[in-house]
Structures are given as structure tokens and as C-alpha cells.
Amino acid sequence: MAVVAGFGLVWVLLIAGRLYHLQVLRYEHYASKAERQQQRVVTLDPPRGTIYDAQGRELAVSIQVDSVYAVPPEVEDPAATAAALARVVPDLDRDKLARQLAGDREFVWVARKLDPPVAEKVHALKLKGLYFVPESKRYYPMKELAAQVLGYVGTDNHGLAGLEQIYDREITGKPGKRTVLRDARQGTVAAPGLSFSDPEPGHDLYLTLDATVQHIVERELARAIEERHARRGSAIFIDPATGGVLAMASYPSFDPNDFGGASPESRRNQAVTDVYEPGSTFKIVTAAAALEAGVVREDERIDCGMGSITLYKDIRVHDHKPYGMLTFAEVISHSSNIGVIRVAQRIHDDRFYATVRGFGFGRPTGIDLPGESAGILHKVEKWGLLEKDYIAFGQGVSVTPLQLVSATAAVANDGVLLKPHVVAAVSRGEARLPKYPSPPVVGRPISPGTARELTQLLEGVVSEGTGKPAAIPGYQVAGKTGTAQIPVRGGYHGYLPSFVGFAPADRPALVGLVAIAEPQGNEYYGAQVAAPAFGSIVRQVLLYRGVHPQRERPSVWTGQTVLAGMTPKAPAAAVHPAIETDALADGDDHDPMSDASPAPAAEGGRPHAPF
């Protein structure tokens, strides 16, 4: 009996010791473990700042949506649960989720930032072990509008492209933390007594971009591309007085609400990333350099060699039409390669290079968008014998559409080059801080006098030369056509017609460029493809912005018109369209009624576009 009592005493002592070890010595450990099993700290994404257009319209907003997570130990049938979820949640990997739910982890994200209809379907499943937590999701109410400019946001709430990427620090805000408890009914509730912090919204962006202008530009660009069955295209329009981008479009486009389903080409902002040889549009820069250097007058007659010039030994360049003597103004309006080469040869290489660099070529503009290309402009020390001759008519140099429109804007702005930008202001609490209190001046490549002379030459392009299809009744338009060839390995393939210009020429309010790559068919010149789209865009945008056309005074008393109408007359001759056939035959814009075959290659050298 004593032995039994002894064993009992020992047993009691062992149990008491074990209880002491668990409840006293190991109390903190097990209490902490129990707490961890009952509660979970969830990081909450903050609402990103809203992006507004120039008129205060919302282009990118944050909305509250549900995210769903699972507690694997509470999931009764991992395979069945994963299968049920896969039927209602798009792109959910059923097998991977089943493995995660069968594991020993305490927390697994099932799906983040569900669209409301999908979240409702998940709620309706009433699956054990699944819980919901509110999060912020990016939404673009205007869908494809300005998609490449705005960019998009990943699941981690960070910008992956466009403004969302480059202004990510300002827009993102500060994440919050929320502790949730699992109650006896397996629900989740916020724990008011435990630590938490609410997410802090990011700063708002206010853009120079105008959604109405952007819509006009995107619509007309798409129409021109689709009519010509072209591969792609871009267009940019800016305010020459400020450098603010009013519209920037690339085709094809995409919906940033579903960026994962978009092709890499549609997500690319061609206006800032793509480089190309500009062709005859670059004659604007050559003319600027020549006028600034004082080596030519606009009324000076230039020998255009009846359409041919020998540059070196057997290397010859042709015009598509055998021009003889032309004034320099006519050289520009008719877009004669031979004429601009002869004038460029008068400019010292260093000075010509300095002017080209002064207009911003060969370096990024510094626009507040990611992925900008610098273009290609070789240093003057590395120029070959014929480098300047080719650059004069837009070959041997590569530019982005943004660089070219910025350079043209400098001509419209009395010779002052401004830094292009998309964001006008950033909010800081209640304050809205302008990014540039005054226009951001980069430099002055040409004098005001040269800019005015060059403007007159570019007006002649539209009124008398290759740019007639860009003319707009009631407005003076200045600009230049171009039909660049697209370089490929071993030569050139396909064309990139473009038009760059501004209006009104006497009081510039809008500068823009339209470039369309690889149009199909026999009409692929700048005047045929890009200039009409430019004119249509500019007319609509100027009217929208309150720049009204100038009315010409009638040349006769109106009563004479009435009396003339009362006199019997023979049937009137057919009314001819404003775009004359011979205008299309000038310079780089071939007469569509004549032979539409490509121009011959430069004999003995690289091919050149039919400018």
C-alpha cells in the first residue's frame, strides 16, 4: 500500500511539474502561439492618388474591392475548394491553389483585388476557411483613352508603365496594417484593441493632357491608319507656349484595366520610345540652320540640277521630279532633296551639328514619361564625307516623334525650345503645386527673326507646296510633309509618311505631328496619308480651344452675287477639290495619278526616300 501511495505521489508531482512548466515557464511561448493562430496582420494597399486631365476629369482612380485569402488548416477539402474557386475566379491556377491549401501554412492569398461581380460569386460559395479583406484597386474610367501615357498598376499597387510608373512614389501613398481575428464562427473581425494603421492616400496628379483633345487625336489617328491598312502610328499635340502635352496617342492601343491581355506593341508609347529616320520633315532643321547661319535668303535661286546631284564619285541622289532653278522658299515648299543638300553644303559641319543638337536631337527631351529614346545623332567628329548631305534631307539621323514635334514647337515659339511635359501639378494636401511655375526653357537654337522667316517658308509648304492637304479654311497653317523609308538590316523596307506643323501660323496655339507606319497600297506619301489627318485634328482642336477661324472679307458687294445668280448661265464647271493633283507631285509627295513606283536608289550609295 505504501508503494502504491509512493507511486501516486510521484505521479502527482510529475503532473504538477509539467503543468508548472507549461503554464508558468512556457506561458509566454504558448500564449504567443495561440495568439498567432487566432489573429493575422494584413497589409492594406493605400488608395493611389487620382490622375486628372487638364479640365479636372478623372483619368485614373482607386476603388475599394475585396481580396480573398485562406487559412489552410480550416479548409476541409483543399481539392474541392480549389476547383470551386477556379470556376468563378478567372485565370486561377487550380492545382497550385490545391497544393497550397493542403499545406501547413497559416495564410494563403487566393485572389487579390477581385472585380465586384467575381467577388460576389466567391462570397456566394460560402467556403469554409476563406476570408475577405478590402483593398484598393486601380481603375481607368475612360478605358483605352491615353492608355500608353497613363500606364497601369500591378497587383502589388505599384506602377508598371507610364505616369503610374514614373510618379509611383508620389501617387502610391502609405500602406496600412490591420489585425484581424478569427472568431468562433470562423469569421474575421477587426480587433479594435490591437495595433492597426489606416492607409494614407497618395498625391493627386493634374495633367496638361486634355481628354477631349486626346479623344479627337486618337479617333482621327485610328481612322487614318485603318483606312490605309497601316501597321501602326502615333500622334502628339502640344502647346508651344508652355511645352505642355495636350494629347499623345499610339495605335494600336489597349485597355489598362486589362493590361495583362494586351500585346507588348499596343502597350508601347511609340511617341517617346520609337526612333525613325524623319525624312523630309527634317528639312525644317536644315532650313533653320541655313537661315541662322546666313548662308541663304528665301528668295535666292538654287540650282537643283534637274533632279540629280553627284555627291562623291558615282554616288548620286535624285529628286523625283527634274527641278531646275528654284528659290529657297520653293526648295522647301516643293521639298527638293537636291536644293537642301546644296544649301547644307554651305554650312560648316560644326555649326550645322550645333543647330541640330540645339533643337534637342541626339538626347532625350526629359519628358516625364518612362522609356524615352535619345535618338541617333553621331558626333560631328565621327561624320563621314557625306554625313551632312544625308542628314540635310532626313537620313543618317534617327529621331523620336516627340523630339521632332518639340523642335517644331521651338520654331512656333520664336526660337525657344521648351521641355515637353505631361504633369502640370501635384497635390500636397490641400495645396496644388505646379511642376513648372514658368515654361521650362531648354535653350534657343535660333533667333526670333530666323523663326519668323522659317514660319513663312513652312506656310508656303501648306499654301503652295506638298502640304496642301493639311490646309484648313480660315487658319494659316505652317508645316512640312515627310515620307521616310524604314531602315531594316541591309537596306530599307516600307514607308513612314508624316506631317509636322502648327497653327495658326501667325499666333501659334497648337503644334502637332502625325506619323503612320507602313500604309498599304500606292498612296504612302506624307501629303496623302498624314497631312489630311493633321488638318482634321487641328481644325477640331482649335475650335474646341476657342481659336476661331479668320473670316475673309468679300471681294465684291454681296448684292452683286444676288444679281449674278439671276442671270441665266451655262452649267458651271465641276468644282475641283482643294487638294490639287500637282501639289501631290511636288517634293516628297508623289502624284498619285502618275507612276507610283518607288524612287530610284541613290546611285552607288544607300537608297533614299522619294522626297
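Can you tell me the length gained on complete extension of the stretch V488 to D255, counting 0.36 nm per residue apart and subtracting the Cα distance?
Net length gain for the segment: 80.8 nm.
Could you pull the Rg and Dmax for the stretch 68-131, using just the Cα atoms, both in Å?
My reading of the Cα-based Rg and Dmax gives 10.5, 31 Å.
Determine the gain in length on full extension of the stretch T155-Q64; use 0.36 nm per residue of separation and subtract their C-alpha separation, reporting nm with one decimal.
Value of the extension gain: 31.4 nm.
What FRET efficiency comes out for R545 versus I15 if R0 is 56 angstrom and r is the Cβ-Cβ distance? Round to the nearest 0.05.
Calculated value: 0.05.
Over 29 Å between Cα atoms, which of K128/K177; K143/K480; K321/K379; K96/K174; K96/K137 qualify?
K143/K480; K321/K379; K96/K174
Let's test the formula: R0 of 35 Å, r as the Cβ-Cβ distance of K313 and R357. What FRET efficiency results, to the nearest 0.05?
Working from the Cβ atoms, E equals 0.70.
Provide the FRET efficiency to the nearest 0.05 for the T43-S373 pair, computing r from the beta carbons and using R0 = 56 Å.
After rounding to 0.05, the efficiency reads 0.90.
For the stretch 51-96 and the stretch 230-276, write down the distance between their C-alpha centroids in whole Å.
Value for the Cα centre distance between the two parts: 30 Å.
How many percent of the accessible area of the stretch 339-414 is carbon or sulfur, using a 1.4 Å probe?
47 percent
Mind giving me the nanometre distance, one decimal, between the label points for R297 and A241, set 7 Å out from Cα along Cα→Cβ?
3.5 nm
So what is the accessible area of the stretch 92-159 per residue, in Å², with the probe set to 1.4 Å?
In whole numbers, the stretch 92-159 has 50 Å² accessible per residue.
Near K113, which aspartates and glutamates are there with a Cα under 12 Å away, not counting those fewer than 8 places off in the same chain?
Within reach: D45, D66, E135, D156.
How large a share of the accessible area of the stretch 239-305, in percent, is made up of carbon and sulfur atoms when the probe is 1.4 Å and the other protein chains stay in place?
The nonpolar share, carbon plus sulfur, comes to 47 percent.
Hey, could you pull the Cα Rg and Dmax for the stretch 438-551, both in Å?
15.6, 52
What is the P(r) of the stretch 309-410, as percent of Cα-Cα pairs per 5 Å bin from 0?
Final binned percentages: 2, 11, 20, 21, 19, 14, 8, 3, 1, 0.
The values are calculated or read from the model by the stated rules, or taken from the named source; none is laboratory data. Bear in mind the structure is a predicted one, so any value in this text is a computation, not a measurement. When we count neighbours, we look across all protein chains shown, and the Cβ atoms used for this are built from the backbone with ideal geometry, even at glycine. Calculation scope for accessible area: heavy atoms of the full protein, side chains included, ligands and nucleic acids excluded. Shrake-Rupley method; radii C 1.70, N 1.55, O 1.52, S 1.80 Å.
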